[in-house]
Amino acid sequence: MAEALGMIECRSFPAMVEAADAMVKAAKVELVSYEKTGGGYVTAVIRGDVAAVKAACEAGQNGASRVGEVVAVHIIARPHSNVDSVIPLGRGPEHEAKK
(Lines give C-alpha, C1' and ligand atoms only; values in the text may rest on other atoms or scores of the structure.)
Protein backbone atom coordinates (compact mmCIF):
# COMPACT_ATOMS: atom_id res chain seq x y z
CA MET A 1 0.00 0.00 0.00
CA ALA A 2 1.31 3.43 -0.92
CA GLU A 3 1.71 5.84 1.95
CA ALA A 4 0.64 9.45 1.93
CA LEU A 5 3.08 12.31 2.40
CA GLY A 6 2.12 15.28 4.57
CA MET A 7 4.00 18.56 4.99
CA ILE A 8 3.49 21.59 7.21
CA GLU A 9 5.61 24.68 6.68
CA CYS A 10 5.87 27.15 9.55
CA ARG A 11 7.56 30.48 9.97
CA SER A 12 9.48 29.49 13.11
CA PHE A 13 11.21 26.42 14.49
CA PRO A 14 9.09 26.33 17.69
CA ALA A 15 5.89 26.35 15.62
CA MET A 16 7.20 23.44 13.52
CA VAL A 17 8.11 21.47 16.66
CA GLU A 18 4.61 22.06 18.03
CA ALA A 19 3.12 20.94 14.70
CA ALA A 20 5.26 17.80 14.65
CA ASP A 21 4.33 16.93 18.23
CA ALA A 22 0.62 17.42 17.56
CA MET A 23 0.79 15.35 14.36
CA VAL A 24 2.41 12.26 15.86
CA LYS A 25 0.06 12.41 18.86
CA ALA A 26 -3.08 12.79 16.74
CA ALA A 27 -2.73 9.83 14.39
CA LYS A 28 -0.57 6.85 13.51
CA VAL A 29 1.97 8.67 11.37
CA GLU A 30 5.75 8.71 11.23
CA LEU A 31 7.71 11.96 11.43
CA VAL A 32 10.35 11.30 8.79
CA SER A 33 12.20 14.59 8.53
CA TYR A 34 12.20 18.32 8.75
CA GLU A 35 13.70 20.82 6.36
CA LYS A 36 15.01 24.30 7.05
CA THR A 37 14.11 26.21 3.92
CA GLY A 38 15.68 29.54 4.89
CA GLY A 39 14.38 32.83 6.13
CA GLY A 40 13.06 31.21 9.30
CA TYR A 41 10.82 28.81 7.42
CA VAL A 42 10.82 25.17 8.51
CA THR A 43 8.83 22.22 7.13
CA ALA A 44 7.89 19.02 8.98
CA VAL A 45 7.34 15.91 6.84
CA ILE A 46 5.20 12.93 7.88
CA ARG A 47 4.20 9.60 6.35
CA GLY A 48 1.26 7.28 6.97
CA ASP A 49 -2.00 6.18 5.43
CA VAL A 50 -4.09 8.89 3.80
CA ALA A 51 -6.68 9.27 6.55
CA ALA A 52 -4.05 9.37 9.29
CA VAL A 53 -1.98 11.98 7.43
CA LYS A 54 -5.05 14.17 6.88
CA ALA A 55 -5.99 13.99 10.57
CA ALA A 56 -2.40 14.60 11.66
CA CYS A 57 -1.96 17.62 9.37
CA GLU A 58 -5.14 19.18 10.71
CA ALA A 59 -3.94 18.69 14.29
CA GLY A 60 -0.49 20.00 13.39
CA GLN A 61 -1.93 23.09 11.76
CA ASN A 62 -4.02 23.85 14.85
CA GLY A 63 -1.05 23.33 17.17
CA ALA A 64 1.41 25.37 15.15
CA SER A 65 -1.00 28.27 14.72
CA ARG A 66 -1.11 28.68 18.52
CA VAL A 67 2.68 29.15 18.62
CA GLY A 68 3.53 30.85 15.34
CA GLU A 69 2.55 31.23 11.72
CA VAL A 70 1.56 28.33 9.47
CA VAL A 71 2.64 29.10 5.91
CA ALA A 72 1.41 26.00 4.08
CA VAL A 73 -0.08 22.56 4.64
CA HIS A 74 0.02 20.00 1.83
CA ILE A 75 -0.85 16.31 1.50
CA ILE A 76 0.11 14.05 -1.40
CA ALA A 77 -2.00 10.89 -1.23
CA ARG A 78 0.28 8.59 -3.21
CA PRO A 79 3.54 10.23 -4.25
CA HIS A 80 5.03 8.79 -7.43
CA SER A 81 8.05 6.52 -6.96
CA ASN A 82 10.23 9.07 -8.79
CA VAL A 83 9.51 11.61 -6.06
CA ASP A 84 10.86 9.18 -3.47
CA SER A 85 13.92 8.30 -5.52
CA VAL A 86 14.89 11.91 -6.26
CA ILE A 87 13.63 13.59 -3.07
CA PRO A 88 13.80 10.80 -0.47
CA LEU A 89 11.54 12.26 2.20
CA GLY A 90 11.81 9.32 4.53
CA ARG A 91 11.50 6.71 1.80
CA GLY A 92 13.78 5.56 -0.95
CA PRO A 93 14.82 2.50 -2.91
CA GLU A 94 16.06 0.74 0.23
CA HIS A 95 12.53 0.97 1.71
CA GLU A 96 11.02 -0.73 -1.35
CA ALA A 97 13.59 -3.53 -1.08
CA LYS A 98 12.50 -4.26 2.51
CA LYS A 99 8.85 -4.88 1.54
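Find how much the distance from residue 73 to residue 51 grows on full extension, using 0.36 nm per residue of separation minus their present alpha carbon separation; answer in nm with one decimal. Extra length available between residue 73 and residue 51 comes to 6.4 nm. In the complete set of protein chains, residue-level accessible area for residue 35 is approximately 90 Å², probe 1.4 angstrom. Per residue, the convex hull spanned by the Cα atoms of the chain measures out at 84 cubic angstrom. Available extension along the chain between residue 13 and residue 80 is 21.2 nm, counting 0.36 nm per residue and deducting the alpha carbon span. Computed on the chain, with alpha-carbon pairs under 8 angstrom and 6+ residues apart, the relative contact order is 39 percent.
What does the extension gain come out to for residue 30 and residue 62, with contour length at 0.36 nm per residue minus their alpha carbon separation? Could the numbers behind the result be given before it?
On the way: separation 32, 0.36 × 32 = 11.52 nm, distance 1.84 nm.
Using 0.36 nm per residue and subtracting the Cα-Cα distance, I get 9.7 nm.
Per residue of the chain, the DSSP helices (runs of n ≥ 4 H) give a summed -39500 (n - 2.57) that works out to -13500 deg cm²/dmol at 222 nm. Helix 50-67 and the longest principal axis of the Cα set of the chain meet at an angle near 20°.
The values are calculated or read from the model by the stated rules, or taken from the named source; none is laboratory data. Predicted model only: the values in this text are computed from it and were never measured. Surface accessibility is based on the protein's heavy atoms, side chains included, excluding ligands, DNA and RNA. Shrake-Rupley method; radii C 1.70, N 1.55, O 1.52, S 1.80 Å.
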